[in-house]
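*Asks:* Pasting a structure below so you can have a look.
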Amino acid sequence: MIFEQVATGGCQSYLIGCEGTRIAALIDPELTQIDRYLGLAARDGLRIRYAIDSHTHADHFSASRELAERLDIPVVSHRLSPAPYVRMRLEDGELLQVGGLKIQALHTPGHTRDSMSLICEDRVFTGDTLLIGGTGRTDLPTGDPNKLYDSLFERLLKLDPTLLVYPAHDYKGRTHSTIGAEIADNPRLQKRERAAFVEMMNQLNLSAPTHLTEALRTNMSGGKTVAQLLAEATAAVPFVAMTDLARRVEQGDLGFVVLDVREREAFRAGHIPGAQHLPRGQLELRVNQDLPDPTARIVTCCEFGRISTLAASTLRTLGFMHASALDGGMKAWREAGLPLAEGD
Ligand SMILES: [Fe+2]
């Protein structure tokens, strides 16, 4: 088996490949690691055929939909996954053939109702059902401590104790464990009575993961993260350096339309001399009237440089092929002591 473990913070993902056929699968891929997965697969001569999510992640962004689109491969999840882009839905016990490797899905709900663990040869990928020295939490949407108890005590812990455990999370830099070691040492598994276990899980009082709503939104729908949207706009737009624009302002010859896309109050309080005002919220509605020349060189600006990047990208989509964005925003412009004009 060809095996790579890729950590993103505490999130663990896995590339597993068949040595004979070079067919591979990704387990719990994370959005920012796409180039890394593709690089690893290329280095090892692997063709990724499946993107598998062990469950609906609430704390990080799954790369499955994006990989599925790029590689024309199915996203694989449990039957109960709410994500509409899942193309292969596994039932408990079903096998996935990855070349000569077989991956068996075990439905292990509790952390979420669509949680599954995946057994492949000498190891089990436990998702967030069983962690090293811990278990997944059960207080997020579709979590259920009773079901987690069954998944752990009736299923995972009854597997071969020598089976290697590879979880979807580890925050302490550990790569794996074994079923036997977890039975012996995992503090959460020492409450072997159902009632005591459920009570312990209900009293954990954990803080909500960062990006909870965004992770659930994007992982359940296949929609984009805000960072993705911004990265795509950034890649589609050229930028104008602040020093370059400042020099032009000083010379009194801008040479392009400086389009300030902030709200009116912010514009009136201080803008780049000679700038034209068109709030981002009205951009598409007023563009024909305010920017009659599609060949004009335009540089957008806003407070921090993000909304202006989105605005420049929108202008390019609309056919303004010389639209660019200011590298930086008005906050940086002010802090640099560059000239400002007030009023309308
Ligand atoms: Fe999770």
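*Asks:* Assess whether SER117 counts as being within 16 Å of the ligand (Cβ to nearest atom), more than 28 Å from ASP185 (Cα to Cα) and at pLDDT 95 or above.
*Replies:* Here the answer is no, as SER117 does not meet what is asked.
*Asks:* Then there's this: Being in the same structural domain as ALA215 (by TED's automatic domain parsing) and either closer than 30 Å to LEU206 by Cβ or crowded, with 23+ Cβ neighbours inside 10 Å (or both) is the requirement here; does ALA58 meet it?
*Replies:* The answer is yes for ALA58.
*Asks:* Being in a strand (DSSP E or B), within 26 Å of ILE132 (Cβ to Cβ) and within 16 Å of the ligand (Cβ to nearest atom): is that true of SER77 here?
*Replies:* Considered against the rule, which asks whether it is in a strand (DSSP E or B), within 26 Å of ILE132 (Cβ to Cβ) and within 16 Å of the ligand (Cβ to nearest atom), SER77 comes out as yes.
*Asks:* When you go through PRO84, PRO74 one by one, which is the residue that is surrounded by fewer than 23 Cβ atoms within 10 Å (Cβ to Cβ), farther than 23 Å from LEU156 by Cβ, touching a residue at least 40 places away in the same chain (Cβ under 8 Å) and not hydroxyl-bearing (Ser, Thr, Tyr)?
*Replies:* Only one candidate passes the filter, namely PRO84.
Per-residue answers, yes or no, for (1) surrounded by 15 or more Cβ atoms within 10 Å (Cβ to Cβ); (2) within 26 Å of VAL76 (Cβ to Cβ); (3) outside the structural domain of LEU31 (by TED's automatic domain parsing); (4) touching a residue at least 12 places away in the same chain (Cβ under 8 Å):
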{"residue": "ALA235", "(1), (2), (3), (4)": "no, no, yes, no"}
{"residue": "VAL240", "(1), (2), (3), (4)": "yes, no, yes, yes"}
{"residue": "ASP244", "(1), (2), (3), (4)": "no, no, yes, no"}
{"residue": "ARG248", "(1), (2), (3), (4)": "yes, no, yes, no"}
{"residue": "GLY255", "(1), (2), (3), (4)": "no, no, yes, yes"}
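*Asks:* While we're on this one: Criterion first (part of a helix (DSSP H, G or I) and not assigned by TED's automatic domain parsing to the domain that holds VAL86) does ALA184 satisfy it?
*Replies:* No.
*Asks:* Follow-up. Check whether at least one residue in region 4-17 is of a type outside the set (Phe, Trp, Tyr), in a loop (DSSP other than H, G, I, E, B), surrounded by 15 or more Cβ atoms within 10 Å (Cβ to Cβ) and more than 15 Å from the ligand (Cβ to nearest atom), and report yes or no.
*Replies:* no
*Asks:* Same structure, new question: Could you please tell me which pairs satisfy a Cβ distance under 7 Å, a separation of 6+ or placement on different chains, a first residue in region 129-144 that is on the phi > 0 side of the Ramachandran plot, and a second residue that is more than 10 Å from the ligand (Cβ to nearest atom) and part of a loop (DSSP other than H, G, I, E, B)?
*Replies:* Hits for this filter: GLY133/ASN186; THR142/ARG113.
*Asks:* Suppose we filter region 139-181 for residues that are part of a loop (DSSP other than H, G, I, E, B), within 26 Å of the chain's Cα centre (by Cα) and either closer than 19 Å to LEU118 by Cα or not aliphatic (A, V, I, L, M) (or both); how many remain?
*Replies:* Result for region 139-181: 13.
*Asks:* Residue by residue through region 66-118, note down the ones that are among the aliphatic types (A, V, I, L, M) and more than 22 Å from TYR37 (Cβ to Cβ).
*Replies:* LEU80, LEU95, LEU106
*Asks:* Here is a follow-up. Could you please find all residues in region 18-54 being part of a loop (DSSP other than H, G, I, E, B), surrounded by fewer than 21 Cβ atoms within 10 Å (Cβ to Cβ) and in contact with a Ser or Thr (Cβ under 8 Å, 6 or more places away or on another chain)?
*Replies:* Once the filter is applied, which keeps residues that are part of a loop (DSSP other than H, G, I, E, B), surrounded by fewer than 21 Cβ atoms within 10 Å (Cβ to Cβ) and in contact with a Ser or Thr (Cβ under 8 Å, 6 or more places away or on another chain), region 18-54 yields nothing.
*Asks:* Can you say whether ARG280 is exposed (fewer than 13 other Cβ atoms within 10 Å of the Cβ), charged (D, E, K, R) and at pLDDT 95 or above, as far as the supplied structure shows?
*Replies:* no
*Asks:* Now, a different point. Take THR32 and decide whether it is within 16 Å of the ligand (Cβ to nearest atom) and under 17 Å from the mean Cα position of the chain (by Cα).
*Replies:* No.
The values are calculated or read from the model by the stated rules, or taken from the named source; none is laboratory data. Just so it is clear, the structure is predicted and the values come from calculations on it, not from any experiment. Neighbour counts are summed over all protein chains in view; Cβ atoms, including those assigned to glycine, are modelled from backbone coordinates with ideal geometry.
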